[in-house]
Every structure is written in C-alpha cells, then in structure tokens.
1. What dipole magnitude, in Debye to the nearest 20, does the chain give about its Cα centre under +1 on Lys/Arg Cβ and -1 on Asp/Glu Cβ?
2. In whole percent, and with a 1.4 Å probe on the protein chains, what portion of the accessible area of the chain is carbon and sulfur?
3. Beyond 17 Å, what share of the Cα-Cα pairs of the chain is found? Please give it as a whole percent.
4. Counting each DSSP H run of 4 or more residues in the chain as -39500 (n - 2.57), what helix-only mean residue ellipticity at 222 nm follows after dividing by all residues, to the nearest 500 deg cm²/dmol?
5. Give me the net charge for the shell around Arg30: Cβ to Cβ below 11 angstrom, other residues only, Lys and Arg +1, Asp and Glu -1.
6. With θ set to phi - 60° and the Karplus curve 6.51 cos²θ - 1.76 cosθ + 1.60, what are the ³J(HN,Hα) couplings of the stretch 77-82 in order, to the nearest whole Hz, using x for Gly and Pro?
7. Can you tell me the relative contact order of the chain? Whole percent, Cα pairs under 8 Å, sequence separation 6 or more.
8. Go through the stretch 61-136 and name the trypsin sites (Lys or Arg not before Pro) that are in a DSSP coil and have 12 or fewer other Cβ atoms within 10 Å of their Cβ.
Amino acid sequence: MPVSNDPTVVSVDAAAMREAVEETVEGHLRSLVEFDAEEFGVLYVDDLTLQFYEDEAEMRAHFEQIHSYVHADFTEKAFYTEDLFPVSDRVRYIATGFDVFTVVRVYFEDEGLFVTVDRDEPVEPIVDAIEDIYLA
C-alpha cells in the first residue's frame with residue numbers, strides 16, 4: 001500500500017501541487033517529498049518504490065540520507081545564478097535522469113519538492129503544473 005501524508009514542511013500548497021503532478025504525469029509518480037534546509041516530509045511513495053526497502057523505517061532512513069545533502073542543492077542554485085548564468089534570476093528546477101527513474105527538484109526560494117517519476121517522463125510539464133499552483 002502506498003505511503004501518503006499531508007504536507008507539513010513547505011509554505012506552498014504542496015497538496016494541490018501533488019494533485020497537479022498526479023494529473024500531469026503520463027507514467028507513474030514514484031515519490032513526492034517536500035523539503036527545506038532543515039527537514040523533509042514524505043508526501044507520497046508508490047508501491048513499486050516501497051518494494052526497494054525492507055520497511056517504511058528503512059525508506060525514511062534512506063530519504064534522510066538524501067536530505068542530508070540538501071545544502072548542495074541550495075549551494076548549486078546560487079552557483080548557477082551568481083557565477084555561471086548571472087543573466088538568470090533563479091533556478092526553477094534541477095532534473096537528474098537515472099537509468100531507472102528521473103528525479104526533479106523544484107524550488108520555491110528556500111524550499112521545494114523532490115519528485116521521482118518514470119525515466120522517460122517529460123519534466124517540463126511536471127514543473128509547469130507545480131509552478132501553476134505556486135504562481136496562482
């Protein structure tokens with residue numbers, strides 16, 4: 001049975017964003033995690049993703065390990081806009097394509113959503129759906 005929780009970390013409407021992502025994704029939403037610099041909240045994890053863990057505690061421990069590097073996300077964002085591409089005002093998202101899935105980190109100032117979808121899922125429609133809620 002999938003894991004599903006209410007948002008508690010970010011100030012944006014993460015529940016509406018989850019709905020928008022679920023309606024947009026052509027394949028499968030594998031996980032959705034809200035985060036800021038201090039903490040994260042697991043909003044959704046599907047059955048397939050859960051199968052990679054012995055139990056929910058092991059999954060949370062792995063997600064905690066991933067979140068322990070969140071400072072790199074915020075440092076990377078600043079590096080891109082301040083050093084490499086100063087013509088840009090902000091980093092909207094960073095996508096990482098693995099051989100088995102794609103991770104999209106969508107940012108709202110100092111918080112964001114960590115979205116995992118099938119490998120071939122188009123990223124921009126997901127980001128647009130999230131930003132439509134954020135900018136509304």
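1. That gives the chain a dipole magnitude of about 240 debye.
2. Carbon and sulfur atoms account for 50 percent of the accessible area of the chain.
3. Above the 17 Å cut-off, the chain has 58 percent of its Cα pairs.
4. Numbers: 5 runs with 49 residues, N = 136.
Calculated at 222 nm, the ellipticity per residue is -10500 deg cm²/dmol.
5. Combined, the nearby Lys, Arg, Asp and Glu give -3.
6. So the Karplus estimates, Gly and Pro as x, are 4, 5, 4, 5, 7, 8 Hz.
7. Numbers: 202 pairs, mean separation 40.5, N = 136.
Rounded, it is 30 percent for the chain.
8. Answer in residue order: Arg90, Arg119.
The values are calculated or read from the model by the stated rules, or taken from the named source; none is laboratory data. These numbers come from a predicted model, not from an experiment. Cβ sites come from the backbone with ideal geometry, for glycine too, and all protein chains shown count toward neighbours. In case anyone asks, the SASA skips ligands and DNA or RNA and just uses the protein heavy atoms, side chains included. Shrake-Rupley method; radii C 1.70, N 1.55, O 1.52, S 1.80 Å.
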